[in-house]
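The structure appears below as structure tokens.
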Amino acid sequence: MSSKTESFYDNYHKQNLKNRKIITRNNVTYWHIIRLLEKVHQNIASKKVLDIGCGVGPLSFYLSNLGAFVLGIDVSARAIALAKYTQLETRSDSVKFIHSSLSGTNDKSAPAVEIPSGFDLILCTEVIEHIADDKRLLEDCHAKLKKGGAIVITTQRNDGLLYKMGFFKGHDVRAGHFRRYDPNKLIKLIEDSGFKILIQQDADGLLRSILYTTRLSFLLKFVKGPIIPLFQWLDAASIKIVGAADIQVVGIK
């Protein structure tokens, strides 16, 4: 029987359908994360990657397509099933998906699978805010990395104008967020877990905040081709006015 946590995220992923395509570098959703990953590893080929909370696997497939060996894990059985479907359709043989609980969920009824160690890179993108015991998650990630390995963490922050106006309150409940982060406290938490901070940057201004957290998300289908860089530029410019909604960090073991 599915756990409460698993059922919540299975329902969350109902909006996702079967996919036969791998995202490109200019994907509007993962624009910032992909460029952040390029700063960490200019050549990802043959690197071992753990994608925690991989969902339906967009970043897992992207990195696998570049030659990385990727293990994606997620608590949602539906998300993993959809990822495996895409794997068959795209014939991606350097990626594996496992239905597994995440560290710190405190959900004993969710599946738990022993994850190997020795990864060059761990992705924890928009995940840590979903985990009850975030310190335990970071400590487990530190243990799974090889010496010199990197972790990429992206998550919501709580110091922007939109947050202070209560703009994200409904979204945070629907998405199952335990918290948003004070940037300084997040950095200290990451450092206390054994990581050295390599990169810290802001992301998600007014445009991305509106389109990714409201019913206006259908407008994203019109953001394509040459419009994507302009969209990202305008969104970044708006950060100076409303503040950033996301913080992106790279830590090194």
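Checked against (1) open to solvent by 40 Å² or more (accessible area, probe 1.4 Å); (2) closer than 24 Å to Asp204 by Cα, Gly57 passes all but condition (1). Among the residues of the stretch 158-191, those that are in a loop (DSSP other than H, G, I, E, B) and either open to solvent by less than 30 Å² (accessible area, probe 1.4 Å) or under 21 Å from Ala132 (Cβ atoms) (or both) comprise Asn158, Gly160, Phe168, Gly176, His177, Phe178, Arg179, Arg180, Asp182. Criterion first (at positive phi and open to solvent by less than 60 Å² (accessible area, probe 1.4 Å)) does Gly194 satisfy it? Yes.
Taking the options Leu88, Leu36, name whichever one is within 30 Å of Leu234 (Cβ to Cβ) and either within 14 Å of the chain's Cα centre (by Cα) or open to solvent by 60 Å² or more (accessible area, probe 1.4 Å) (or both).
Just one listed residue meets the conditions, Leu36.
Every condition in (1) in contact with a helix residue (DSSP H, G or I) (Cβ under 6 Å, 6 or more places away or on another chain); (2) part of a helix (DSSP H, G or I) is met by Gln248 except one, and the failing one is (2). Just one residue in the set Leu50, Leu37 is out of contact with any Asp or Glu (no Cβ under 8 Å at 6 or more places or on another chain), over 28 Å from Leu207 (Cβ atoms) and aliphatic (A, V, I, L, M); that residue is Leu50. Among the residues of the stretch 59-67, are any among the small types (Gly, Ala, Ser), over 22 Å from Leu230 (Cβ atoms) and under 11 Å from the mean Cα position of the chain (by Cα)? Looking for residues that are among the small types (Gly, Ala, Ser), over 22 Å from Leu230 (Cβ atoms) and under 11 Å from the mean Cα position of the chain (by Cα), one finds at least one in the stretch 59-67, hence yes. Pairs are defined by a Cβ separation below 9 Å, a sequence spacing of at least 6 or placement on different chains, a first member in the stretch 178-207 that is more than 24 Å from Glu38 (Cα to Cα) and touching a residue at least 40 places away in the same chain (Cβ under 8 Å), and a second member that is of a type in the set (Phe, Trp, Tyr) and surrounded by 14 or more Cβ atoms within 10 Å (Cβ to Cβ); the pairs so defined are Arg180/Tyr163; Arg180/Phe168; Leu189/Tyr181. For the stretch 67-85, a residue qualifies if it is open to solvent by 20 Å² or more (accessible area, probe 1.4 Å) and among the hydroxyl-bearing types (Ser, Thr, Tyr), and exactly one does: Tyr85.
Condition check for Gly148 on (1) more than 21 Å from Ser60 (Cβ to Cβ); (2) in a helix (DSSP H, G or I): one failure, at (2). If we keep just the residues of the stretch 199-219 that are in a strand (DSSP E or B) and out of contact with any His (no Cβ under 9 Å at 6 or more places or on another chain), which is most open to solvent (accessible area, probe 1.4 Å)? If we take residues in the stretch 199-219 being in a strand (DSSP E or B) and out of contact with any His (no Cβ under 9 Å at 6 or more places or on another chain), then Gln200 is most open to solvent (accessible area, probe 1.4 Å). Note on the stretch 220-253: residues that are among the charged types (D, E, K, R) and open to solvent by less than 60 Å² (accessible area, probe 1.4 Å) total 3.
The condition (being under 29 Å from Val173 (Cα atoms), out of contact with any strand residue (DSSP E or B) (no Cβ under 7 Å at 6 or more places or on another chain) and at pLDDT 95 or above) is satisfied by just one residue among Leu123, Leu138: Leu138. Ala175 meets all of the listed conditions (1) aliphatic (A, V, I, L, M); (2) within 18 Å of the chain's Cα centre (by Cα); (3) at pLDDT 95 or above but one, namely (3).
Just need a number here: residues in the stretch 107-118 that are modelled with pLDDT of 80 or more and polar (S, T, N, Q). Looking only at that region, the number is 1.
The values are calculated or read from the model by the stated rules, or taken from the named source; none is laboratory data. Keep in mind the model is a prediction, meaning the values are calculated, not measured. Methodologically, a virtual Cβ is constructed for each residue, glycine included, from the backbone with ideal geometry; neighbour enumeration extends over all protein chains shown. Heavy atoms of the whole protein, side chains included, go into the accessibility calculation; ligands, DNA and RNA do not. Shrake-Rupley method; radii C 1.70, N 1.55, O 1.52, S 1.80 Å.
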